[in-house]
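Written below as structure tokens is the structure these notes are about.
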Amino acid sequence: MKAALCTSLDGISAVHVTDVPEPDWVGDDIVVRVRYVGLNHSDVLRSLGKYQDKADLPFSPGGEIAGIVEQASALSGFHVGQRVMAYIGHGGARERIAVPPERLVAIPDAVSDEVAAGVPITYGTALHAFRERTVIEPGETIAILGAGGGAGLAAIEVGKLLGAHVLAVASRDKHVACLNLGADAAIDRDTPDLKQVLRDLTKGHGGRSGEGPAVIYDCVGGALAEPAFRALRNGGHYLVVGFASRTVPVLPLNIALVKALTIVGINWPSAVVDRPDGHRADMALALAAIAAGQLHPRVHGVWPLDRICEALGVLDRGEASGKVVVSVE
């Protein structure tokens, strides 16, 4: 079968499509014929050896898949021909893959495989962050850094679904996408005084005392982190989601002390392993909301497997506004 393999840690140029053996059907695993693969910035970082979850070479990019069950035991809860999606960490960019049944979620008829392939990581992370790692109160203000990317756009929608007032920080060319998905305001990521802008836009919002957002959802790190951190209201939460800028920020902990701030790490992949039932519940909620028209996943583009390097390049250059998806068919 065909698979895209990263053969060295030299970046996305080291990813090539080649022939690999078919997966063995062993134990309780379910063999899935992959139709679509969702790519993420973590795939770019992993190809450079810079992601916190290291993969042994060679490995396939793609941490989320949608496809068709080809082999399954009668006790697995799934059947041959069933449409399923899964979060697998990495390894999805191949024609077939064996997946533990606890990772699989059935796709409802109203949701396409193309869309479902991009749901687990972005919507799963936001749901985990906003429902478990902190609690969003209706009417509170949250600010999303890197709001124009796949993770940020999903966080906008989940925030609005939970009743938040959402500020989207993104490049100007992505403001329309942010506003179309429900953001109450879009802020240029290059604004010279992000701290003050965030504080000004929370006047009249936020519920509790003090100006500034109640929550920062940071997908990028880098230079945006400190001014956003300083903008938080007293008792606010800073959610560390990722470092798309490739720079890990150093935050002024004296501000955390004086304002009683909470810094929260959002290690969603670990949560999927530790609480598979909770993960499946989040995915069922997300898929039901998509089917009902309450969430609107945006697909930036779909590339065939033999052009996966082009798709990864879009993520590497920060050009994606929505999910980058690879078709394996």
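What the table shows:
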item: Anchor K50: lysines whose Cα lies under 23 Å away (excluding residues fewer than 8 positions away in-chain); result: K323
item: Quarter of the Cα convex hull surface for the chain, i.e. its orientation-mean projected area (nm²); result: 15.7 nm²
item: Equivalent ellipsoid dimensions for the range 268-329 as semi-axes, Å, which come from the Cα gyration tensor, largest first; result: 26, 16, 12
item: For the range 122-268, the fraction of alpha-carbon pairs in successive 10 Å shells from zero, as %; result: 13, 49, 35, 2
item: Between the range 1-31 and the range 217-243, the alpha-carbon center distance in angstrom; result: 36 Å
item: Aspartates and glutamates whose Cα lies under 12 Å from that of K2, excluding same-chain neighbours fewer than 8 positions away; result: D19, E22, E95, D306, E329
item: Chain lengthening between V250 and T191 when straightened (0.36 nm per residue, less Cα-Cα); result: 19.2 nm
item: Where labels lie 7 Å past Cα in the beta-carbon direction, separation of D19 and L57 in nm; result: 2.4 nm
item: The chain, dipole about Cα centre (Lys/Arg Cβ +1, Asp/Glu Cβ -1), debye to the nearest 20; result: 860 debye
item: Choice from G182, G62, G212 with maximal GNM fluctuation in the chain (Cα, 10 Å cutoff); result: G182
item: Distance from the range 147-165 to the range 114-141 (C-alpha centre basis), Å; result: 8 Å
item: Listed residues S13, S270, S171, most fluctuating in the chain (Gaussian network, C-alpha, under 10 Å); result: S270
item: Distance from the range 87-103 to the range 260-306 (C-alpha centre basis), Å; result: 16 Å
item: Antiparallel DSSP beta bridges within the chain, as percent of all bridges there, nearest 5; result: 55 percent
item: For the range 23-164, projected area of the alpha-carbon convex hull averaged over all directions, nm²; result: 9.8 nm²
item: Sequence of L198, L257, L5 once ranked by neighbouring C-beta atoms within 10 Å, starting from the fewest; result: L257, L5, L198
item: Neighbour-count order for I97, I142, I266, fewest beta carbons within 10 angstrom listed first; result: I266, I97, I142
item: Debye equation applied to the C-alpha atoms of the range 100-203, log10 I(q)/I(0) at 0.13, 0.19, 0.21 Å⁻¹; result: -0.51, -0.95, -1.10
item: Amide hydrogen neighbours beyond the local backbone of T202, cut-off 5 Å, H modeled; result: G212
item: Mean projected area (nm²) of the alpha-carbon convex hull when the range 164-245 is viewed from all directions; result: 5.1 nm²
item: Cα gyration tensor, the range 230-292 - rounded (a/c under 1.5), prolate or oblate; result: prolate
item: Antiparallel bridge percentage (DSSP; both residues within the range 122-268; nearest 5); result: 0 percent
item: Angle in degrees between helix 150-161 and the longest Cα principal axis of the chain, rounded to the nearest 10; result: 60 degrees
item: Largest-first principal axis extents of the Cα set of the range 1-107 (Å); result: 43, 25, 22
item: Given charges at Cβ of Lys, Arg, Asp, Glu: the range 95-247 dipole, positive-most of L104, P138, N180; result: P138
item: Computed over the range 212-329, the ratio Rg/Rh where both radii use C-alpha atoms and Rh is Kirkwood; result: 1.05
item: Most mobile of G318, G38, G150 in a GNM of the chain (Cα contacts under 10 Å); result: G318
item: Positive dipole terminus of the chain, leading residue within A170, P276, V31 (C-beta point charges); result: A170
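Readers should treat all values here as calculations from the given coordinates under stated rules, not as data from a laboratory. Given the structure is predicted, the values throughout are model-derived calculations rather than measurements. No Cβ is skipped: glycine too gets one built from the backbone with ideal geometry, and neighbour counts run over all protein chains shown.
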